[in-house]
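Have a look at the structure below before the remarks.
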Amino acid sequence: MAGPKEIEEKLRRAVNAFETLAPGKTFAGMTLDQFKTALAPSFATRETIGQLDDQLTHAINQRDAADEVALVKLQAVVAGVLADPTEGPDSSVYEAMGYTRKSERATGLTKKGGKTTGGTPPPTP
């Protein structure tokens, strides 16, 4: 089945042909004006969709700009929690904000193993 863009192009092409080549004729019991009236809801709905799409784009841009400001404020509050003498990096407030408490972080230490000879024990002297 054809998509919305192909359908719109097909409708516009038919209206144009009717207007330019047979404006005074009647097809399927419809004059040119009646045909245009019958197609009007399709074109009006497409116009509404275009306007809504523009509004969505605008709203997304507004949200993104507001998020930039909000993230700066969030960073300031988190820094305040970290610097607070009664809260700090090991507090429940810090964890509830979605961060890992200092006491729960991995140390980063790893155990280095000795060389093995392919899973067999080294020979005895």
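Values in this text are rule-based calculations from the coordinates and carry no lab data. Small disclaimer: the values here were computed from a predicted structure and weren't measured. Ideal geometry is used to build each Cβ from the backbone, glycine not excepted, and the neighbour counts take in all protein chains shown.
Condition (residue is surrounded by fewer than 10 Cβ atoms within 10 Å (Cβ to Cβ) and part of a helix (DSSP H, G or I)) applied to region 55-64: is it met by at least one residue? Yes, region 55-64 has at least one match.
Screening ALA38, ALA2, ALA14 for residues that are touching a strand residue (DSSP E or B) at 6+ places or on another chain (Cβ under 8 Å) and of a type in the set (A, V, I, L, M) leaves exactly one candidate, ALA38.
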